[in-house]
Amino acid sequence: MHTKVLDAESIKQHINQQSILSVQVFDTVESTNQWALHHAICGEACLAEQQTAGRGRRGRVWHSPQQGNLYLSLKWCVDEVPKHFGLLSLFVGVVIAECLQKEGLRGHGLKWPNDILWQGKKLGGILLESKGNLKEVVIGIGLNVAMQPSETIDQPWVSLDQILDYKVDRNVLAGRLLSDLACRLLRFHQLDFEEFNREWQVWDLLKGQQVIASHDDKKIEGQVAGIDQQGMLELCLHDGSGQKLLAADVSIRKSIEVDN
Ligand code: BTN
């Protein structure tokens, strides 16, 4: 399949936010997150056609072949660590979900903490990383745009080209995504939790679902009640007690589904 190559100038043409200072496009990098962590200036975005060691959440590998997908990282810096820092990854998920909706996608949602799913299949993921200083964060986004159907990944997946009835121009999509992110991030430090929680619930695929949370060898089963002010998942257990789960600690699956 012929896919237009990523091009920094074309991406910039679709960015309408001055806080994105620079865009780098690589053919191959280990990981755009890794590059951004070590080399990007604040406000710099980097993208790659392929990653040789793409990183997923909880030490997993993000399968990153050269097939026309989006592997994108943005280095975002602030003067003070925002009060709701724990919500940042969920917030980025909402921005992406809304951006994809504007691009015509329907039927997608977010699986806490940071999976973008379409009809139960993984369409994309978000990985936030820092070098310890939470005032400088790399926001990494992987989006399946034109994944070959023959690719075997360890979970059900889907790609935008299998859903949308037009061919996605990745330069346009990347530019719009970066614009939306930059615009919303400028106001992240003023986030009102109640307001954000209402937005989250529009996209939340787990609310009210019976799930099993796995952490090391332990498994906890309960019904998802929602999120708290720090982005933790609130479960209601069978004995009526509550349990909060930290995104970094657990993987979640619905009681009746395979793990994703
Ligand atoms: C997940 O769902 O586990 C998160 C996946 C995040 C993948 C993206 S691709 C761009 C950026 N660079 C990386 O190495 N990872 C993120």
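The values are calculated or read from the model by the stated rules, or taken from the named source; none is laboratory data. Quantities reported herein were computed from a predicted structural model and do not represent experimental measurements. Every residue, glycine among them, receives a Cβ derived from its backbone with ideal geometry; neighbour counts consider all protein chains shown. Accessible surface areas use protein heavy atoms only, side chains included; no ligands, DNA or RNA. Shrake-Rupley method; radii C 1.70, N 1.55, O 1.52, S 1.80 Å.
Describe numerically, in nm with one decimal, the distance between label points set 7 Å from Cα along Cα→Cβ at Gln155 and at Cys236.
That separation, rounded to one decimal, is 2.6 nm.
Comparing Lys131, Lys121, Lys75, which has the greatest mean-square fluctuation in the GNM of the chain with Cα pairs linked when under 10 Å apart?
Lys131
If you filter the stretch 155-260 for trypsin sites (Lys or Arg not before Pro), then keep DSSP loop positions with at most 11 other Cβ within 10 Å, what is left? It would help to have the intermediate numbers written out before the result.
Working: sites: Lys167, Arg170, Arg176, Arg184, Arg187, Arg198, Lys207, Lys218, Lys219, Lys244, Arg253, Lys254; in loops: Lys167, Arg187, Lys207.
Passing sites in the stretch 155-260 are Arg187.
For the stretch 118-260, rounded, prolate or oblate, judged on the Cα gyration tensor with a ≥ b ≥ c (square roots of eigenvalues), a/c < 1.5 rounded, else prolate if a/b > b/c?
Numbers: a/c = 1.84, a/b = 1.23, b/c = 1.50.
Oblate is the answer for the stretch 118-260, as a/c is 1.5 or above yet b/c matches or exceeds a/b.
Tell me, what is the per residue accessible area of the chain in Å², probe radius 1.4 Å?
I get 47 Å² per residue for this part.
Kindly list the residues of the stretch 100-133 that lie in the label zone of Tyr166, defined by a backbone N under 19 Å from the point 7 Å along the Cα-to-C-beta vector.
Answer for this model: 100-108.
Subtract the Cα-Cα distance of Leu186 and Ser214 from 0.36 nm times their separation in residues, and report this length gain in nm to one decimal. Don't skip to the end; give the middle numbers.
Working: separation 28, 0.36 × 28 = 10.08 nm, distance 3.46 nm.
Contour length minus the Cα-Cα distance gives 6.6 nm.
Would you kindly state how much longer the chain becomes between Gln148 and Lys135 on full extension, computed as 0.36 nm times their sequence separation minus their alpha carbon distance, in nm to one decimal? Spell out each step's value before the answer.
On the way: separation 13, 0.36 × 13 = 4.68 nm, distance 3.76 nm.
Net length gain for the segment: 0.9 nm.
How much of the accessible area of the stretch 40-132, in percent, comes from carbon and sulfur atoms when a 1.4 Å probe is used?
Heavy-atom surface of the stretch 40-132 belonging to carbon and sulfur, 1.4 Å probe: 49 percent.
Starting from 0.36 nm per residue, how many nanometres of slack lie between Gln50 and Leu21 once their C-alpha separation is accounted for?
Numbers: separation 29, 0.36 × 29 = 10.44 nm, distance 2.28 nm.
Length gained, Gln50 through Leu21: 8.2 nm.
Find the cysteines in the chain that fail to meet the 4.7 Å Cβ criterion with every other cysteine, and list them.
Cys46, Cys99, Cys183, Cys236
For a quick check, take a GNM of the chain with Cα springs below 10 Å and name the residue from Glu194, Glu136, Glu49 with the largest mean-square fluctuation.
Of Glu194, Glu136, Glu49, the Gaussian network model singles out Glu194 as fluctuating most.
Please list, by residue number, everything in the stretch 160-196 whose backbone N is under 16 Å from a paramagnetic label point 7 Å out along Cα→Cβ of Lys102.
What the label zone holds, given the 16 Å backbone N cut-off, is 169-188.
Which percent of the accessible heavy-atom area of the stretch 172-260 goes to carbon and sulfur, probe 1.4 angstrom?
49 percent
Could you give the dipole magnitude of the chain about its Cα centre, charging the beta-carbon of Lys and Arg +1 and that of Asp and Glu -1, in debye to the nearest 20?
Around 120 debye, computed over the chain.
Please check: in the Gaussian network model of the chain (C-alpha springs, under 10 Å), which one of Pro149, Pro113, Pro82 has the largest mean-square fluctuation.
Result: Pro149 has the largest fluctuation of those listed.
Please give every one of the lysines within straight-line cross-link reach of Lys121, meaning a C-alpha to C-alpha distance under 27 Å, and leave out same-chain neighbours fewer than 8 residues apart.
By straight Cα distance, Lys121 reaches Lys4, Lys102, Lys111, Lys167, Lys207, Lys218, Lys219, Lys244, Lys254.
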